[in-house]
């Protein structure tokens, strides 16, 4: 079952969709989107459905900047508020009396998740990071790794071998900066969108769920 969720009792607000599993494992997962996208992106919907089928309660949510502007990327200065929105989403999931809560996001959403958890160790039990934007395309010298040595949350990274935001070798090197446990799932031939919309990676979603369950011991 999927139900809309809009909580105005906190600021920034929480807006998204809550996926309830038929048979709950007692674990929760928050999924959020990249820059220029929303919680309605097909990849997030497919992942939410697959994780719910595996027993997870899943919150697929819009970041605060998307709640204000229906289109376009986040503006300069939005990031801190977006992280506060993620923190509110985590608190909401904790209220559901779940055993563990995990946080995940695609690109920008994943980066903000890592920055939040680097600043607040123990906030969640693990991270799912889809196409982490290690650097802007064609600008490998502008690495977004400053906070990674402070990230002590176990993290599963998923990256395509043709992602212009970070080659697999670059991602592997960045992971050595993280003191907690990490794992990298590579998607052969996929770009930053993981090729999901083009249907070239039909195995993608089940592969991510399986890798997540293996890495975090939730199988």
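Could you work out the mean projected area of the convex hull around the alpha carbons of the stretch 125-209, in square nanometres to one decimal?
5.5 nm²
Computed over the stretch 68-164, the P(r) curve from all C-alpha pair distances, binned at 10 Å from the origin, holds 14, 47, 31, 7, 0 percent per bin. Please work out the Cα center distance from the stretch 1-53 to the stretch 75-152, rounded to the nearest Å. Taking the Cα centre of each part, the stretch 1-53 and the stretch 75-152 sit 16 Å apart. Note that the chain carries a Kirkwood radius of 17.1 Å, evaluated over its alpha carbons pair by pair. Shape index of the stretch 11-105: Rg/Rh, with Rg the Cα radius of gyration and Rh the Kirkwood radius from the inverse mean 1/r over Cα pairs, equals 0.98.
May I ask you to sort 60, 138, 69 by Cβ crowding, counting other Cβ atoms within 10 Å and putting the fewest first? Intermediate results must be reported in sequence, preceding the final value.
Working: 60 27, 138 7, 69 12.
The most exposed by this proxy come first: 138, 69, 60.
Each label was represented as a point 7 Å from its Cα along the Cα-to-Cβ direction; for residue 22 and residue 1 these points are 1.4 nm apart.
Per-residue extension of 0.36 nm, minus the Cα-Cα distance of residue 180 and residue 142, leaves a gain of 11.3 nm for this segment.
Average projected area of the Cα convex hull of the stretch 15-60, in nm²? Each step should come with its number before you reach the end.
Numbers: hull surface 11.6 nm².
With the hull built on Cα positions only, its mean projection is 2.9 nm².
All of the numbers you see were taken from the coordinates with simple rules; none came from a lab. Please read these numbers as outputs of a predicted model, since none were measured by experiment. When we count neighbours, we look across all protein chains shown, and the Cβ atoms used for this are built from the backbone with ideal geometry, even at glycine.
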